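The structure appears right after this line, and notes come after that.
The values are calculated or read from the model by the stated rules, or taken from the named source; none is laboratory data. Since we're looking at a predicted model, the values are computed, not measured. Please note: Cβ atoms are built from the backbone with ideal geometry, for glycine as well, and neighbour counts cover all protein chains shown.
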């Protein structure tokens, strides 16, 4: 008998799925599932709607037989296998990106790299600057500047603090009745913040490493949780860095949303916004209509993509 279910936890080789009647079954996959010809380290993602066949009723185990069409995905280059892609989640309503200005120090380029994963599917993103209770005046000026950069192009930005409860109610209102992917680099306080939003989850937390000043992983696998006030969250392991072996130069250009809007005025339809004459994006950047910070992050991503030779990038 085939049952419809939602994948709520991925451990790499096994997937926990919740059926329509609320039963949780531990499943494995049989055969190969592919996504648009891409090589995947995990062909099934948390958030997937699947058809399962029960294998052992007493042990509550089964087999995933089919994956329903996804309305969207969040996919990144695998950190361990550079020719493969890793699915973070699917079928989400929004993404919540948690970052810090301090402890650990802000890597602003990470914001633009994360947005490059969500923009192809027009997934709304809120950028939360966490640990606001430790920010000094300089940190707050950085926040004000970045808030102007990102709200101008359509991304919500606000401060949060689990200790002072700042921003918690705002986050809960955003999450209510939606499926939200929660992501961030290691050490930004993601698990602590989620525990403040939904205390019953009691997710494990760790302090920053005294030696490196960087975060230590607490979330090992992606997992979906129900929210008491309505909605679901998908908690993901801390991300160290993001690369893009699945993108070409023009893919990047089209998914920096303000660049894409301006590109309609460029002299050439395939303009990469670097050295081409009549580039409306460069002109807008020079006129301060487009963030110089975003533009230089964009150039760095292009350099990295082109550094991977053609054979490597087409080995997908």
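Things worth noting here:
- Against the conditions (1) assigned to a loop (DSSP other than H, G, I, E, B); (2) more than 13 Å from the chain's Cα centre (by Cα); (3) touching a residue at least 12 places away in the same chain (Cβ under 8 Å), residue 58 satisfies every one except (3).
- Selection of the stretch 239-261 for residues being assigned to a helix (DSSP H, G or I), in contact with a helix residue (DSSP H, G or I) (Cβ under 7 Å, 6 or more places away or on another chain) and farther than 14 Å from residue 299 by Cα yields 257, 260.
- From the list 147, 141, the one residue that fits, being at pLDDT 95 or above and more than 21 Å from residue 185 (Cα to Cα), is 141.
- Among residues of the stretch 161-192 being assigned to a helix (DSSP H, G or I) and modelled with pLDDT of 95 or more, the one that is nearest to residue 88 (Cα to Cα) is 175.
- For the stretch 86-104, the candidate set comprises residues that are surrounded by fewer than 22 Cβ atoms within 10 Å (Cβ to Cβ) and touching a residue at least 60 places away in the same chain (Cβ under 8 Å); within that set, the residue that is farthest from residue 248 (Cα to Cα) is 103.
- Filtered residue count, the stretch 174-189, keeping only those that are crowded, with 22+ Cβ neighbours inside 10 Å and under 18 Å from residue 231 (Cα atoms): 5
- In the stretch 46-104, residue modelled with the lowest pLDDT [restricted to those that are outside the structural domain of residue 123 (by TED's automatic domain parsing) and on the phi > 0 side of the Ramachandran plot]: 60
- Hey, residue 163 closer than 21 Å to residue 236 by Cα and either touching a helix residue (DSSP H, G or I) at 6+ places or on another chain (Cβ under 6 Å) or in the same structural domain as residue 258 (by TED's automatic domain parsing) (or both) or not: no
- Some residue of the stretch 110-124 being over 19 Å from residue 182 (Cα atoms) and either assigned by TED's automatic domain parsing to the domain that holds residue 297 or surrounded by fewer than 16 Cβ atoms within 10 Å (Cβ to Cβ) (or both): no
- Subset tally (residues that are in contact (Cβ under 8 Å) with a residue 24 or more places away in the chain and over 27 Å from residue 142 (Cβ atoms)) for the stretch 257-302: 2
- Unique residue being modelled with pLDDT of 95 or more, within 26 Å of the chain's Cα centre (by Cα) and not assigned by TED's automatic domain parsing to the domain that holds residue 193 when the list is 296, 268: 296
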